Amino acid sequence: MKELVLKGGRVVDPSQDIDGIADVVFADGHVKAVGRDAPHARDAEVRDAKGLIVTPGLIDLHTHVYWGGTSLGVDATELARKSGTTTFVDAGSAGAGNFHGFRRHVIEPSPVRILPYLNVSFAGIYAFSIPVMIGECADLRLLDLRECRRVANENRDLVVGIKVRVGKTASGNSGIAPLDMALEVADELGLSVMCHLDFPPPSRLEVVTRLRPGDVLTHCFRPFPNSPVAPSGGVREEIAAARERGVIFDIGHGGGSFGFATARAMLEAGFLPDVISSDVHAISINGPAFDLLHTMSKFLVMGVPLPAVVKGATSAPAAAIGRKDLGTFKPGAIGDATLLQIEEGEFTYLDVLGVPLHGSKRLASRGIVLGGKWWHPG
C-alpha cells in the first residue's frame, strides 16, 4: 500500500491540541506522522488539502444503520459520503434476537466502520416509524438478560456497550425497570450503558442518579419535559452531579430530542456536551437532524469554537466507546481522516420543535480517508 499524504490543510486534532497548517501522513493503514513538511515516501500519493480542514475521521456516537433489518435503519455507506463520517456507532438497533443478521449482512460487508451497542431488548428497536411506534421496552418479557449477555459475549470484538431506551414512548408503563435491567447485565459484562430518555415516566432524576462513570446519557439537550435546564435557567443539580462522577453527555439530536432553548441555556451555563451526535435514522435523516455535519454545524453557529465541535465528534466519542485508536492523529492510530470546508452563506437550522436558527456558515465534507486510503470522493 502506498503512503498517503494530506498536504497543507488546517489540521484540527483535539486529542493532541493541534490546530494549524500541517501535513498528515498515512502508512500501512495507520497514521505515520503529523507536522509541517512531514517526511514521507517518494512515491507517496499526495492530496492537496490547502484551504480545507483536516480532522481525524468523524465518529457519530448515535446512529441507526441496520438498514433493511429494522424499520429505522439508514444506509451507512450512502450517509458517510455526505456526512464525512468514518465510524458509525449504532445505538442499539439490534438486540440479541437479530444481532447476527446485523453483523453478517450490514456490519461485515460495510466499507465504513460500524460499531454497535447491543439493545437490552431481545427484539431491538423493531417498530419505529411514522405509522407504527411501539417501544421495545414496553413489554418486559422482551428483556432477557441471559440472552443479552450471551450475544454480547459472542460478539465482544464488536459490541461497545448496552443500549436501553426508557420513557413514555420507549418503555411505556415499564418505567425505570428497563434501565435497572440494562445496568445489571452491563455490570455482568463489564460494559457501559447508553441510556435514551424521552417523555416521563421515568423522570430525569430517576435516570441520571443511576448512571455510572462512563455511562452515556443521550438526548442530553432535549426540550421540556425531562430537560436538563433548571427553572432558574441553570443546570439541574443532578445533571451537574452526574458529570462530576463521570457520566458522558451525548447530544443524540434525532427527530425529537434537541432544542435550541435548552442548548443555549446549557451553553450559557458553561455546560458543553461531551459528544455531538446525530441520532440519524429513517425519520430524522429528512430533518431536522439530517446527519452529523448538520448537527455539528448547529453548535458552530451557536458559537462553540471549531476545535470543541471537532472534539465532540472525534476523540470524545472514541473515549466513550473505549477506542483510543480512533478519533486521533497520534502515530500508530487507525488511518482515518475527514476533510471539511466551512461554507459561507445564509442557512436556516431547525430544532425538533421547529424553532429556527439562522446562521452564516455550515460544515461540508470534501473527502474521507479510511484505513490510510483515499475513499471518497473516488
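Annotations for the structure displayed:
- Computed from point charges on the beta carbon alone (+1 for Lys and Arg, -1 for Asp and Glu), the dipole magnitude for segment 14-81 about its Cα centre is near 80 Debye.
- Taken one residue at a time, the phi angles of segment 96-112 give Karplus couplings (6.51, -1.76, 1.60, θ = phi - 60°) of 4, x, 9, 5, 4, x, 4, 5, 6, 9, 10, 5, 5, x, 6, x, 9 Hz. Gly and Pro are set to x.
- Amide H contacts of VAL11 (H built 1.01 Å from N, under 5 Å, at least 5 apart or other chain): GLY20, ILE21, ALA22, VAL54
- Taking N as its residue count, the alpha carbon Rg of segment 246-378 over 2.2 N^0.38 Å: 1.07
- Proximity of backbone amide H atoms, modeled 1.01 Å from N, is registered between HIS62 and VAL89, SER278, ASP279 at under 5 Å, excluding neighbours fewer than 5 places apart on the same chain.
- In the chain, taking the dipole from charged Cβ atoms about the Cα centre, the farthest positive-side position among LEU58, MET181, ALA320 is held by LEU58.
- Packing, as the average of other Cβ atoms within 10 Å across residues, places the peptides 110-117, 6-13 in the order 6-13, 110-117, highest first.
- Sequence-distant lysines (8 or more away, or on other chains) whose Cα lies within less than 27 Å of LYS324: LYS2, LYS7, LYS32, LYS82, LYS163, LYS298, LYS311, LYS373
- If the convex hull is drawn through the Cα atoms of the chain, its volume per residue in Å³: 124 Å³
- In the chain, Cα pairs under 8 Å separated by at least six residues give a relative contact order of 20 percent.
- Note, ³J(HN,Hα) from phi for segment 87-95, Karplus 6.51, -1.76, 1.60, rounded to Hz, x at Gly and Pro: 10, 9, 8, 7, 8, x, 4, 10, x
- One way to sum up the overall shape of segment 309-375 is the equivalent ellipsoid from its Cα gyration tensor, whose semi-axes run 29, 17, 9 Å, largest first.
- Whichever aspartates and glutamates have a C-alpha closer than 13 Å to that of LYS361, once near sequence neighbours (fewer than 8 apart) are set aside: GLU343, GLU344, GLU346
- Diffusion constant of segment 56-152 at 37 °C, which comes from Stokes-Einstein with the Kirkwood Cα-pair radius and 0.692 mPa s, µm²/s: 241 µm²/s
- Note on segment 131-254: with charges restricted to the Cβ of Lys and Arg (+1) and Asp and Glu (-1), its dipole about the Cα centre is near 200 debye.
- The angle between the Cα long axis of helix 145-154 and the longest principal axis of the Cα atoms of the chain comes to about 20 degrees, rounded to the nearest 10.
- Between 0 and 90°, nearest 10: helix 292-301 axis offset from the chain longest Cα axis: 80 degrees
- Antiparallel %, DSSP beta bridges [both residues in the chain], to 5: 50 percent
- Extreme residue, positive dipole direction of the chain, given options VAL280, TRP374, GLY124 (C-beta unit charges): TRP374
- Computed about its Cα centre, the charge dipole of the chain is approximately 300 debye, with only Lys, Arg, Asp and Glu carrying charge at their Cβ.
- Relative to the longest principal axis of the Cα atoms of the chain, helix 177-189 runs at roughly 50 degrees.
- Antiparallel bridges, percent of DSSP beta bridges restricted to segment 1-157 (to nearest 5): 45 percent
- HN-Hα J in Hz across segment 353-364 - Karplus 6.51, -1.76, 1.60, θ = phi - 60°, x for Gly and Pro: 9, x, 6, x, 10, 9, x, 10, 8, 8, 8, 10
- CD proxy at 222 nm, helix term only [per DSSP H run n ≥ 4: -39500 (n - 2.57); per residue of the chain; nearest 500]: -5500 deg cm²/dmol
- Order by protection proxy (mean Cβ within 10 Å, highest first), peptides 278-289, 221-232: 278-289, 221-232
FYI, it's all coordinate maths here, none of it is from the lab. Keep in mind that what you see is a predicted model, and the values were worked out from it rather than measured. Don't worry about glycine lacking a Cβ; one is built from the backbone with ideal geometry, like all the others, and counts go over all protein chains shown.
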